[in-house]
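Report on the following structure.
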Number of protein chains: 2
Amino acid sequence: MNTPLKIGIIGGTGALGSGLAARWAKAGRYVVIGSRRIESAQATCESIVAGAIEGRDNEAPRVSYGLNVDVARDADVIVVTVPFDQQEKTLASIREFVQGKIVIDTTVPLLPPKVGTVNVPESGAAAVSAKCILGEDVKVFSAFHNVAADKLQSLEELDCDVLVFGDDKDDRPVVISLVEDAGMRGFYGGGLRNSIAAEALTSVLITINRQLKCQTGIRLVGMH
Amino acid sequence: MNTPLKIGIIGGTGALGSGLAARWAKAGRYVVIGSRRIESAQATCESIVAGAIEGRDNEAPRVSYGLNVDVARDADVIVVTVPFDQQEKTLASIREFVQGKIVIDTTVPLLPPKVGTVNVPESGAAAVSAKCILGEDVKVFSAFHNVAADKLQSLEELDCDVLVFGDDKDDRPVVISLVEDAGMRGFYGGGLRNSIAAEALTSVLITINRQLKCQTGIRLVGMH
């Protein structure tokens, strides 16, 4: 039997990171919550364990916690869920520990307070920036840009799809299966450069949400 | 009674332009097909009249045709459906005739043969380029980036939404109502700068279509 993949979530105490962690724990995945503050990581871990036990009959959820750098060193797949203004610093801090691994970056390049206006980073996409920081040997993907974090946390059924981007063809199935274990359909949308489509779409959805007073997402249609 | 709006379609003989024209004609709109070649415009006009009559009981569809520049001069709302490499030249040629009017640009900045890879124009979006070429007094919008032109032409029911972008708040309802008359829901996604989200998404959908051998579109969900 293979050792199960350890999924490390950098910035795992935020709404997106803890929401994904809770869903993966519930699906039987082995999750490690990372934070810059160990107390925050522990608190999030405990609340996820409490929530995840409800949905599972016999097996305790496998969730642990640690400092971001320790989680990056320990985990097999690293998911980065930090705000845009923390992206560069955070990725630089874990760079040496993620070489050769899969890193899923979720960064949307929002520039507060104008979060409803699209910002295209100079690199072309936040995902391209991540690759530049982490280096050629890291299998960088991006995903989860358009998921409403509140809905993710509630563990209710999610009515949205996830676009996945990355240049490493062989590792796509690992990322798509993580999307599916979080309760959504995942579609491979092309290389990292294409990630700007999903990143920019977040500002468009924010603009629409403000008008309609709701939390919209997208679904792909026309697949028949 | 108000004179009905005349909708002029620049590049109206292509798949997107003629598809929109056919749907608007069927919905009772007054449409003028524009082309660089008068014979092409006439042929498209005749086939739309033939197709649109079927769906209408008492009233003949109002469709006419002309050269692009004449259509731009004559129409109240101008819809530009030309390939990316024709955008600049075409808009420059109609510039003087569209001052003060609504222009809906549908340009997706695809760079063949790599149409599955996102291309972000230097201006930030093809819609921003359109505004730069046409000038401050033109009410520039962008829309219809993610609609499968084949499905549009078939007049079958369309299972996709349209994102609309533009900086002129007062004229949004005109554009949204045109989207609705073409048989889709329209959502205002922000200013012209945000248009890159929908423009880039086209390359992502092309990438997905190649994998799944289908024609995908997007729908907004989560509106309840």
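We did not get these values from a lab; they are worked out from the coordinates using the rules stated. None of these values were measured; they are calculated from a predicted model. FYI the Cβ positions are ideal-geometry reconstructions off the backbone, even for glycines, and counts take in every protein chain you see.
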Checklist outcome for this item: Charge tally for neighbours of A:V31 with beta carbon under 9 Å away, counting Lys, Arg as +1 and Asp, Glu as -1, is +3
Checklist entry - What longest range of chain A stays clear of loop-exposed GluC sites (Glu not before Pro) (DSSP non-H/G/I/E/B, at most 12 other C-beta within 10 angstrom)? => result A:158-224
Next on the checklist: For the pairs A:K114/A:K213; B:K6/B:K89; A:K101/A:K151, flag any whose C-alpha to C-alpha distance is greater than 26 Å.
Outcome noted: A:K101/A:K151
Checklist entry - Taking each residue of B:159-165 in turn, how many C-beta atoms of other protein chains fall within 10 Å of its C-beta, and what is the average? => result 3
Checklist outcome for this item: Averaged over the residues of A:185-193, the number of partner chain Cβ atoms within 10 Å of each residue's own Cβ comes to 5
Item to check | Cα Rg, Dmax (largest Cα-Cα span) when computed across the range B:20-125, Å | outcome: 15.6, 50
Item to check | Average partner coverage of A:114-123, which counts Cβ from other chains inside 10 Å | outcome: 3
Checklist outcome for this item: Here the percent of antiparallel bridges among DSSP beta bridges lying wholly in the protein assembly as shown, to the nearest 5, is 15
Checklist entry - Considering only chain A, what is the antiparallel percent among its DSSP beta bridges, to the nearest 5? => result 5
Checklist entry - If you build the Cα gyration tensor of the range B:6-212 and take the root of 5 times each eigenvalue, what three semi-axes come out, in whole angstrom, biggest first? => result 24, 20, 16
Checklist outcome for this item: Residues whose modelled amide H sits under 5 Å from the amide H of B:Y30, counting only those 5 or more places away in sequence or on another chain, are B:I7
Checklist entry - Are there trypsin sites (Lys or Arg not before Pro) in the range A:81-172 that DSSP puts in a loop and that have at most 14 other Cβ atoms within 10 Å, and which ones? => result A:K114
Next on the checklist: With a 10 Å cut-off between alpha carbons and a GNM built on chain B, which of B:V174, B:V82, B:V138 moves the most?
Outcome noted: B:V174
Item to check | the protein assembly as shown pair-distance distribution - Cα-Cα, 20 Å bins, rounded % | outcome: 26, 49, 21, 4
Checklist entry - Among B:208-220, B:19-31, what's the highest-first ranking by average C-beta atoms within 10 angstrom per residue? => result B:19-31, B:208-220
